[in-house]
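Student: Here it is: the structure, laid out below.
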Amino acid sequence: MSLSNRRTLTQYLIEQRRRFPGASGELNALILDVSLACKAIGRSVAFGALGDPNTDQASDADPGLDLKLQGGASKSMDLVANEIFIRTTEWSGNLAGMASEEMDAPHQIPVAYARGKYLLVFDPLDGSSTIDVNVSVGSIFSILRLPSDANEAEEPPGRDVTEADFLQPGTRQVAAGYALYGPATMLILTVGAGVVGFTLDPNLGEFKLTHPDIRIPPDTQEFAINSSNSRFWEPPVKRYVDECLAGKTGPRGKDFNMRWIASMVAEAHRVLLRGGVFMYPRDTRDPRKPGRLRLLYEANPIGLIMEQAGGRASTGRQPVLGVQPSELQQRVGVVFGSRNEVERIERYHADTATRDVANPLFAERSLFRD
Ligand code: AHG
Ligand code: MN
Ligand code: MN
């Protein structure tokens, strides 16, 4: 085993903190706790069909970190991962509260622990519908500040968090990232100064900096969309995909390749490292669900990473990060990846808005407008 001179996640975070002499170190501590959660989830999913003996079977060894199910029933990996996130981060005094795709309401920090100024928002396991066939899955997280409200002086310190505290646009994220549990476990992170990637050294159990400055190529010949939904697509999306499929002899004058893994975090990773465009756009399938992906847990953190890597993330009509959330589990149409392709898709949306005013489905005040 050799100790390479690659920086660890801890070293990277300490170096970043030097840019902010007044910083307390709480954000760094929180990110390290999240990275521990990701290591634990990565280990757990690696047991596959065997089942992780640490989470499935009763053990009284460490009640503070007891991740198994109450009553011994088997729990979905999503819920195990949710529990791991909570238990590894709630104790530290850095968090005011958390919200997860797997919980209907915000998680309150137990009174036994101190409460801090950050909000942790996460999708504990993304792509989990593919876990049974051993496809790469991941955990996505976003860190926000607890908004300071006018009444703060009258509130007891460490008040309970409310849903409204979390309803902040993606531009307010302090940090965001994801872990990918693939052939190697990786952690991709932005603290607002570009995007960096770490690979888990399985010998040391440490994340090592392997991708110091990730930049998304601005152009691509690869797109990802679930084309079984094509009959529900809006005209700008249909137009874009049709033009890609027309290839060299079509309006784009080049051939495109297509990918669909059904694990968004794995698609985001591919797009980040070698370019491409990913779409889960708003469609007409179910008017109550404008898109498939969740704004707070998926679109915003991945959106910040894309933008910080020089790519772009859009609803088609506006930057994802500009959307004002109205509820915790809100869904949104998403297009992200190589800048020039995303901008092209946005142009097609703008064109259609003017061209299709005669079509009430897509008109300014119809059901399907953002
Ligand atoms: P999750 O596993 O957290 O529920 O999210 C699943 C999402 C995303 O990972 C993926 O891109 C998409 O759902 C898959 O959708 P399809 O079933 O339409 O392929
Ligand atoms: Mn998800
Ligand atoms: Mn999930």
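Laboratory data are not the source of any read-out in this text; all were calculated from the coordinates shown. Given the structure is predicted, the values throughout are model-derived calculations rather than measurements. In this analysis, Cβ positions are derived from the backbone assuming ideal geometry, glycine residues included, and neighbour counts consider all displayed protein chains.
Student: Tell me, Arg17, Arg285 in order of fewest to most beta-carbon neighbours within 10 Å?
Tutor: By the 10 Å Cβ count, ascending, the order reads Arg285, Arg17.
Student: Here's another thing I want to ask about it. Under a 5 Å amide H to amide H cut-off, with H placed in plane at 1.01 Å, what residues pair with Leu293 once short-range neighbours are removed?
Tutor: Under 5 Å from the amide H of Leu293: Val332.
Student: Let me ask something else. In the range 170-287, what % of DSSP beta bridges are antiparallel (nearest 5)?
Tutor: So the antiparallel bridges in the range 170-287 amount to around 75 percent.
Student: Shifting gears a bit: If packing is taken as the average number of other Cβ atoms within 10 Å across a peptide's residues, how do 203-212, 286-295 rank, most packed first?
Tutor: 286-295, 203-212
Student: Continuing with the same structure: How far apart, in nm, are two points set 7 Å out from the Cα along the Cα-to-Cβ line at Lys289 and at Ala105?
Tutor: Simple spin-label model gives 2.5 nm for this pair.
Student: Here is a further query. Using a 10 Å cut-off around each Cβ, can you sort Thr8, Thr249 from fewest to most neighbouring Cβ atoms?
Tutor: Lowest to highest Cβ neighbour count: Thr249, Thr8.
Student: Hey, can you grab everything whose amide H is under 5 Å from the amide H of Thr185? Only 5+ residues off in sequence or another chain; H modelled, so Pro and N-termini drop out.
Tutor: The answer is Leu200.
Student: State, to one decimal in nm, how far the label point of Leu204 lies from the label point of Arg172, with both points 7 Å from Cα in the Cβ direction.
Tutor: Once both label points are built, they end up 3.7 nm from each other.
Student: Taking every Cα atom in the chain, find the radius of gyration and the maximum pairwise distance Dmax, and write them in Å.
Tutor: When restricted to Cα atoms, the chain yields Rg and Dmax of 21.1, 68 Å.
Student: Return the equivalent ellipsoid semi-axes of the range 93-137 as a descending list in whole Å, where each equals the square root of 5 times an eigenvalue of the C-alpha gyration tensor.
Tutor: 29, 10, 8
Student: So how much slack lies between Glu26 and Thr10, counting 0.36 nm per residue of separation and subtracting their Cα-Cα distance, in nm?
Tutor: 4.5 nm
Student: Which percent, nearest 5, of DSSP beta bridges in the chain are antiparallel?
Tutor: Percentage antiparallel, nearest 5: 80.
Student: Taking 8 Å as the Cα distance limit and 6 or more residues as the minimum spacing, I'd like the relative contact order of the chain as a percentage.
Tutor: 14
Student: In whole percent, what relative contact order does the range 222-358 give with Cα contacts below 8 Å and a gap of six or more residues?
Tutor: It comes to 26 percent, rounded to a whole number.
Student: Arrange Cys38, Cys244 by Cβ neighbour counts within 10 Å, fewest through most, would you?
Tutor: Ascending number of Cβ neighbours within 10 Å: Cys244, Cys38.
Student: Residues with beta-carbon under 14 Å from that of Asn257, excluding Asn257: net charge, scoring Lys, Arg +1 and Asp, Glu -1?
Tutor: Summing Lys/Arg as +1 and Asp/Glu as -1 gives +1.
Student: Mind giving me the FRET efficiency for Leu50 and Thr130? R0 is 30 Å, r the Cβ-Cβ distance, nearest 0.05 is fine.
Tutor: Computed FRET efficiency for Leu50 and Thr130 comes out at 0.95.
Student: Highest GNM mean-square fluctuation, the chain, Cα pairs closer than 10 Å: which of Gly97, Gly253, Gly170?
Tutor: Of Gly97, Gly253, Gly170, the Gaussian network model singles out Gly253 as fluctuating most.
Student: Moving on to the next point. Along each principal axis of its Cα atoms, how long is the range 222-358 end to end? Whole angstroms, biggest number first, please.
Tutor: Between the extreme Cα coordinates on each principal axis of the range 222-358 lie 45, 41, 25 Å.
Student: Okay, moving on. What does the range 156-209 give for Rg and for Dmax, in Å, if only its C-alpha atoms count?
Tutor: That works out to 15.9, 47 Å for Rg and Dmax.
Student: Order of 322-333, 104-115, 172-183 by packing, highest average Cβ count within 10 Å first?
Tutor: 172-183, 322-333, 104-115
Student: Find how much the distance from Arg317 to Leu36 grows on full extension, using 0.36 nm per residue of separation minus their present alpha carbon separation; answer in nm with one decimal.
Tutor: 97.5 nm
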